[in-house]
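In what follows, a structure is listed as structure tokens, so that the remarks can point back to it.
The values are calculated or read from the model by the stated rules, or taken from the named source; none is laboratory data. Computed from a predicted structure; not experimentally measured. Don't worry about glycine lacking a Cβ; one is built from the backbone with ideal geometry, like all the others, and counts go over all protein chains shown. Please note that ligands, DNA and RNA were not included when accessible areas were found on the heavy atoms of the full protein model with its side chains. Shrake-Rupley method; radii C 1.70, N 1.55, O 1.52, S 1.80 Å.
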Amino acid sequence: MTAEAPTPATLAEMERVLSRVAYLAGRSRRHERLMAMAGVPLDRAAVAILRHIAESEPLRPGVLAVRLSVEASHVTRQLRQLERGGYVIRVADPEDRRAQRVQLTDKGLAAVGRVREVGRRYLEQALGDWSEGDLRQLARLFRRLVDDFADHAEDPVGPPLSA
């Protein structure tokens, strides 16, 4: 059975909703408030890197940049900040002693744990009236959405629109 193709109206509504969610989730003031609650004085980019490292094995900085779809120089700057703060360390790559990987320190692990806890509490507050079944379905669809976005992150979207 093949899936029914989405209509332009459905796609337009999804684009509007996703833009709104991204805006609300990414607001600087919200990030600052959540980081203050977590006791983690880091910007969004640094927190994203910490979270990504926590969800994987120690990674080379270049691999981390590819996985986050950002420039390697951006990751390098953030990693220097995180190293100075004691959140990450560089370790020898067991596959290539000339290369290095980045791993979390105990301080970094604790920071990620606090960030996740504050994020969980925020979701609990915002989605407290949702049923467990609805939340499970939303989590499943979000996983699918993220996987599909990641699979198509570098795909061209067609020719530029004319003005």
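Out of all the residues in the stretch 71-105, which are of a type in the set (A, V, I, L, M, F, W, C), in contact (Cβ under 8 Å) with a residue 12 or more places away in the chain and open to solvent by less than 60 Å² (accessible area, probe 1.4 Å)?
Of all residues in the stretch 71-105, those of a type in the set (A, V, I, L, M, F, W, C) come to 72, 75, 79, 82, 88-89, 91-92, 99, 102, 104.
Narrowing the set further to residues that are in contact (Cβ under 8 Å) with a residue 12 or more places away in the chain leaves 75, 79, 82, 88-89, 91, 99, 102, 104.
Of everything in the stretch 71-105, those that are of a type in the set (A, V, I, L, M, F, W, C), in contact (Cβ under 8 Å) with a residue 12 or more places away in the chain and open to solvent by less than 60 Å² (accessible area, probe 1.4 Å) turn out to be V75, L79, L82, V88, V91, A99, V102, L104.
Evaluation of G108 against the conditions (1) of a type outside the set (D, E, K, R); (2) open to solvent by 70 Å² or more (accessible area, probe 1.4 Å); (3) touching a strand residue (DSSP E or B) at 6+ places or on another chain (Cβ under 6 Å) shows that the sole unmet condition is (2). Residues in the stretch 111-135 that are open to solvent by less than 50 Å² (accessible area, probe 1.4 Å), over 19 Å from E57 (Cβ atoms) and not in a loop (DSSP other than H, G, I, E, B): V115, V118, G119, G133. Scanning the stretch 13-58 for residues that are in a helix (DSSP H, G or I), among the small types (G, A, S) and open to solvent by 40 Å² or more (accessible area, probe 1.4 Å) yields S19, A22, A25, S28, A36, A48. Would you mind stating whether L138 is without any contact (Cβ under 8 Å) to a residue 60 or more places away in the chain, open to solvent by less than 70 Å² (accessible area, probe 1.4 Å), within 23 Å of the chain's Cα centre (by Cα) and under 24 Å from V63 (Cβ atoms)? No; evaluated as a whole, the condition is false for this residue.
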